Amino acid sequence: MQIRQANLQDIPMIVAMKMAMFREAGSIQLLQDGVEERIAAAYSDLYRQQRCCHFIVEEEGVAVACGGAAIKDDVPFCFFKTPCYGYIMDVYCEPAPRRKGYATQLVQQVVAWLRERDVHNIKLKPSGAGQRMYEKLGFQPSGEMELWI
């Protein structure tokens with residue numbers, strides 16, 4: 001097992017894992033048709049700006065898990081003394097190698113990457129399966145609420 005930081009050439013594989021994650025969660029219908037190209041283009045732009053990264057777990061040279069983060073600066077955070085926050089995303093592991101701690105290791109790498117960039121607040125939207133792992137890593141409910149209309 002090896003963990004490495006992704007590069008631009010890895011983005012199609014990361015997008016494929018993202019799509020698998022949405023399918024597995026039963027929420028693929030939330031995404032626009034043909035969105036893969038738009039995600040890849042957005043990630044490529046963010047990588048070039050050094051505002052996004054992913055880490056990949058490989059077993060015998062094959063990617064089996066990924067996790068990433070983006071640095072966001074939207075309202076109201078852009079008005080804070082630290083005008084940005086990190087958003088953890090795309091934490092996914094193929095079914096066969098699960099329960100080996102890969103997601104935990106990926107999130108730790110992503111948090112370190114964000115810390116190196118002076119990000120002080122990190123947000124994410126956990127799946128039911130991932131919530132306990134995030135709690136073990138120190139994440140706490142933020143009190144945010146949402147309404148789907």
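Given the criteria of a type in the set (Ser, Thr, Tyr) and closer than 23 Å to Gly138 by Cβ, does Tyr47 qualify?
Details: of a type in the set (Ser, Thr, Tyr): yes; closer than 23 Å to Gly138 by Cβ: no.
No: the conditions fail for Tyr47.
Can you spot a residue in the range 32-46 that is loosely packed, with under 11 Cβ neighbours inside 10 Å, in a loop (DSSP other than H, G, I, E, B) and not polar (S, T, N, Q)?
The answer is yes; a qualifying residue exists.
Quick one: count up the residues across the range 1-18 that are part of a helix (DSSP H, G or I) and under 24 Å from Gly101 (Cβ atoms). Give the derivation first.
Applying the first criterion (part of a helix (DSSP H, G or I)) to the range 1-18 yields 8-18.
From what is left, the residues that are under 24 Å from Gly101 (Cβ atoms) are 10, 13-14, 16-18.
Residues in the range 1-18 being part of a helix (DSSP H, G or I) and under 24 Å from Gly101 (Cβ atoms): 6 in total.
Just name the residue that is surrounded by the most Cβ atoms within 10 Å (Cβ to Cβ) out of those in the range 79-123 that are under 18 Å from Glu144 (Cα atoms) and hydrophobic (A, V, I, L, M, F, W, C).
In this case the residue turns out to be Ile88.
None of the figures in this text is laboratory data; all of them are computed from the coordinates on show. Values in this document were obtained by computation on a predicted structure and should not be read as measured data. Positions of Cβ are backbone-derived with ideal geometry, glycine not excepted, and every protein chain shown enters the neighbour counts.
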